[in-house]
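A short reminder: the numbers here are calculations on the coordinates, not readings from a lab. All values reported here derive from a predicted model rather than from experimental measurement. As a convention, Cβ positions derive from the backbone with ideal geometry for all residues, glycine included, and neighbour counts pool all protein chains shown.
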């Protein structure tokens with residue numbers, strides 16, 4: 001019902017990543033927290049507090065992925081077609097804008113929209129680079145040692 005089409009690189013890496021998503025995210029969350037800390041929350045929060053906010057945002061994205069899976073199931077039942085997982089990336093980007101906008105709204109910072117845009121580009125860019133290059137490379141290392 002969901003077409004993964006090598007979302008995490010080769011089919012074997014994608015299958016492993018989908019079934020072990022926490023291993024994928026454990027590398028992304030610290031970077032997301034670092035970007036959030038450096039661009040937005042440094043004056044008021046320390047890195048660990050910002051890490052909690054990043055974990056919260058990733059948890060919400062996982063919830064949205066569940067809703068996406070339910071919608072994909074419904075589409076599959078009605079139309080008999082698979083939904084490409086990359087479509088869910090649009091929802092992730094929208095949510096990250098929303099999350100940072102609401103996180104930053106009480107801060108008195110200059111260039112808020114530029115900071116929001118920079119955060120979303122860095123956070124989603126890091127996830128995309130990790131997904132396309134980093135995770136398959138790491139899987140290749142483990143597969144070569146087995």
| task | Give me the angle, in degrees from 0 to 90, between the Cα long axis of helix 112-129 and the longest principal axis of the Cα atoms of the chain, rounded to the nearest 10. | result | 30
| request: Note the angle between two axes, namely the Cα long axis of helix 87-104 and the longest principal axis of the Cα atoms of the chain, as a number of degrees from 0 to 90, rounded to the nearest 10. | output: 20
| request: Grab the Cα-Cα distance for residue 128 and residue 49, subtract it from 0.36 nm times how many residues apart they are, and report the gain in nm with one decimal. | output: 26.0 nm
| field | Helix-only mean residue ellipticity at 222 nm for the chain, each DSSP H run of n ≥ 4 adding -39500 (n - 2.57), per residue, nearest 500 | value | -24000 deg cm²/dmol
| Exposure proxy check: 56, 47, 37 ranked by fewest other beta carbons within 10 Å? | 56, 47, 37
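How large is the direction-averaged shadow of the alpha-carbon convex hull of region 2-145, in nm²? Intermediate results must be reported in sequence, preceding the final value.
Numbers: hull surface 37.3 nm².
Answer in nm², one decimal: 9.3.
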| field | Acute angle (nearest 10 degrees) that the helix 135-145 long axis makes with the longest principal axis of the chain, alpha-carbon atoms | value | 60
| task | Could you calculate the contour length gain from residue 23 to residue 141, that is, 0.36 nm times the residue separation minus the distance between their Cα atoms, to one decimal place in nm? | result | 41.0 nm
